[in-house]
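Enquirer: First the structure, which I've put down as structure tokens, then a few questions once you've had a look.
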Amino acid sequence: RTEFALKEIMSSGGAEDDIPQAERKTVTDFCYLLDKSKQLFNGLRDLPQYGQKQWQSYFGRTFDVYTKLWKFQQQHRQVLDNRYGLKRWQIGEIASKIGQLYYHYYLRTSETSYLNEAFSFYSAIRQRSYYSQVNKEDRPELVVKKLRYYARFIVVCLLLNKMDVVKDLVKELSDEIEDYTHRFNTEDQVEWNLVLQEVAAFIEADPVMVLNDDNTIVITSNRLSETGAPLLEQGMIVGQLALADALIIGNCNNQVKFSELTIDMFRMLQALEREPMNLASQMNKPGMQESTEKPARRENPHKYLLYKPTFSQLYTFLAASFKELPANSVLLIYLSATGVFPSGRSDSEGPYDFGGVLTNSNRDIINGDAIHKRNQSYKEMHCLHPGDLYPFTRKPLFIIVDSSNSVAYKNFTNLFGQPLVCLLSPTAYPKALQAFLFRVPNVSLCLLICLLDQSQRASMRRGLWEKCQEYLRKINRDIAQLLTHSRSIDQSFLQFFGDEFLRLLLTRFIFCSATMRMHKIFRETRNYPESYPQLPRDETVENPHLQKHILELASILDVRNVFLENTLDDY
């Protein structure tokens, strides 16, 4: 392949004998590196998606080749322009592949710093207009490369909360799609228009806008900051477990998504990450790190993102996480999925008698939120039942279920005595308020903010937002005190409370649960979150001290009128 390409290139650039040997070698070396890089990149598809070790050496070799290729084309640009006919879109393709490598490295490691590296390469492609000449060539496959680059760049910007860039990219992508479909009259026009619709819905999904004085939007982050989780104070006796691995599963019907990332998966994955560091903050132009250089250790839990997995896929990834879980570590499972309900009354009340959540059946999914089994003599096959998770309770397990049948997981049994907690969303929400417990960024505060306007997106000024955030940190500190000083709380909660991520999830859960119980439109039991084991209500979600704080925060937001106050008569 390389020899054929060389003959074609050399013959088009003049007589072969007239080309200096050094320049001939430059073209030969470039062709070799280009072929090798493509070969290695294509091989990434064959790597197992699960397991944290098998892929690392292959990724390392791929990074090495792309490092050499990128530097080589920079050092020999003039020769490659003259003798090889190197086009700017080809440089863009190399940069795009490096951006993809960094993005996939982020997915494999959960190290958010690699997102900044992906952004630097994708951004350079746009700033330097590497793809600008593609539209002049009568080759639709090249335009598709450009459109895919835009889609990938948008995903990275969404994950980095660079919403201003996202909006610019969406506008540019829209123009590119319009030009592409007009020029080539292709069959994939509907698919590309769907991409635009998905990202537009994704951007609009946040229920709250925080505004500066000049009405520009403040970008808020759902990642763990230094002041995010309440600090452990002297006298708090908690476990030393650390969250090491997480499965984030999205299988809801008709949910906002972009690519294979639903809005709730997107928010949960950010809630399990620290703010990213920029590995290349001093670099003015994109350049590859040497593969021997590694970023400072960022203690983010490793994550698997599973969009509409089958039962087999889910169980395979779950088993891999379980197998590789280090000692004194926790596995988190986040299930955002359509509820599957039992088909009839059962004589027994076992872990397979309450239904569960939907897994993908590899066929068209029935519309509607609840799926009922017609044949009452069998259990639903395409369902993750609570009993399916029993084998994995041999190690510390933290489960979050966001589903219309979340209560199925209330019927757990701790067979092996390991720390086990299930946080369960409400199974129904009042029609006037569709904010979901775990799906809202800065979830504890936004639940209240949404009450400002129960049907439309709410907005608030930055000063008020920061005041509420500060008050919320005080509330979280008090919740931590309530939990750690409780005499009747199950020890599993305290075992998990030593980890920052889990501590913040638990305090958010208690705050949201207490808020819902005080709100005037949350009057049914199914409107309230639940947990396994049950929390002592009088010491946590119905604690008068916490209720007083919620009313004070409601007053700051000027929404106190929507809360019940009779719970404080004896305070």
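Enquirer: Among the listed residues LEU483, LEU494, LEU502, identify the single one that is within 15 Å of ILE237 (Cβ to Cβ), hydrophobic (A, V, I, L, M, F, W, C) and crowded, with 22+ Cβ neighbours inside 10 Å. Explain how you work it out, then say what you get.
Expert: Numbers: LEU494 fails: crowded, with 22+ Cβ neighbours inside 10 Å; LEU502 fails: within 15 Å of ILE237 (Cβ to Cβ).
Going through LEU483, LEU494, LEU502 in turn, the sole match is LEU483.
Enquirer: Is there a residue being at pLDDT 85 or above and among the hydroxyl-bearing types (Ser, Thr, Tyr) anywhere in region 433-445?
Expert: no
Enquirer: Could I ask something else about it? Pull up region 182-199, narrow it to residues that are of a type in the set (Val, Ile, Thr) and touching a residue at least 40 places away in the same chain (Cβ under 8 Å), then point me to the one that is nearest to ARG139 (Cα to Cα). Let's see the steps before the verdict.
Expert: If we filter region 182-199 for residues that are of a type in the set (Val, Ile, Thr), which is where we start, we get 186, 190, 195, 199.
Now drop any that are not touching a residue at least 40 places away in the same chain (Cβ under 8 Å), which leaves 186, 195, 199.
Details: THR186: 12, VAL195: 21, VAL199: 26 Å.
Only one residue tops the list, namely THR186.
Enquirer: If you check HIS76 against the conditions, is it within 22 Å of the chain's Cα centre (by Cα) and either open to solvent by 30 Å² or more (accessible area, probe 1.4 Å) or at pLDDT 95 or above (or both)?
Expert: Numbers: within 22 Å of the chain's Cα centre (by Cα): no; either open to solvent by 30 Å² or more (accessible area, probe 1.4 Å) or at pLDDT 95 or above (or both): yes.
For HIS76, the condition - within 22 Å of the chain's Cα centre (by Cα) and either open to solvent by 30 Å² or more (accessible area, probe 1.4 Å) or at pLDDT 95 or above (or both) - is not met.
Enquirer: Select from region 346-404 the residues that are part of a strand (DSSP E or B) and modelled with pLDDT under 85 and list them in ascending order. Break it down into steps so the answer makes sense when it comes.
Expert: Taking region 346-404 and keeping what is part of a strand (DSSP E or B), we get 356-358, 360, 371-372, 383-384, 397-402.
The answer is ILE371, HIS372.
Enquirer: Give SER513, SER555 a once-over and let me know the one that is in a helix (DSSP H, G or I) and open to solvent by 20 Å² or more (accessible area, probe 1.4 Å).
Expert: Details: SER513 fails: open to solvent by 20 Å² or more (accessible area, probe 1.4 Å).
None of the other options fit; the residue is SER555.
Enquirer: Working carefully through the options SER110, SER96, find the one that is closer than 26 Å to GLU198 by Cα, without any contact (Cβ under 8 Å) to a residue 60 or more places away in the chain and open to solvent by less than 10 Å² (accessible area, probe 1.4 Å).
Expert: Working: SER110 fails: without any contact (Cβ under 8 Å) to a residue 60 or more places away in the chain.
When all the criteria are applied, what remains is SER96.
Enquirer: Also, quick follow-up: May I ask you to list pairs of residues, at least six apart or on different chains, whose Cβ atoms are under 7 Å apart, with the first in region 238-260 being farther than 24 Å from PHE153 by Cα and the second being assigned to a strand (DSSP E or B) and of a type in the set (D, E, K, R)?
Expert: Close Cβ pairs satisfying both conditions: ALA246/LYS303.
Enquirer: Is it fair to say SER312 is open to solvent by 20 Å² or more (accessible area, probe 1.4 Å) and modelled with pLDDT of 90 or more? Break it down stepwise before answering.
Expert: Numbers: open to solvent by 20 Å² or more (accessible area, probe 1.4 Å): yes; modelled with pLDDT of 90 or more: yes.
Criteria met by SER312.
Enquirer: Further question: If the Cβ limit is 7 Å and pairs must be 6+ apart or interchain, which residue in region 126-151 that is buried (at least 18 other Cβ atoms within 10 Å of the Cβ) pairs with which residue that is of a type outside the set (Lys, Arg) and not in a helix (DSSP H, G or I)?
Expert: Taking only residues 6 or more apart or on different chains, the pairs are LYS146/TYR131; TYR149/TYR131.
The values are calculated or read from the model by the stated rules, or taken from the named source; none is laboratory data. These figures come from a predicted structure and were not determined experimentally. So basically every Cβ, Gly included, is an ideal-geometry build from the backbone, and we count neighbours across all protein chains shown. What goes into the accessible areas is simple: the full protein's heavy atoms, side chains included, and nothing from ligands, DNA or RNA. Shrake-Rupley method; radii C 1.70, N 1.55, O 1.52, S 1.80 Å.
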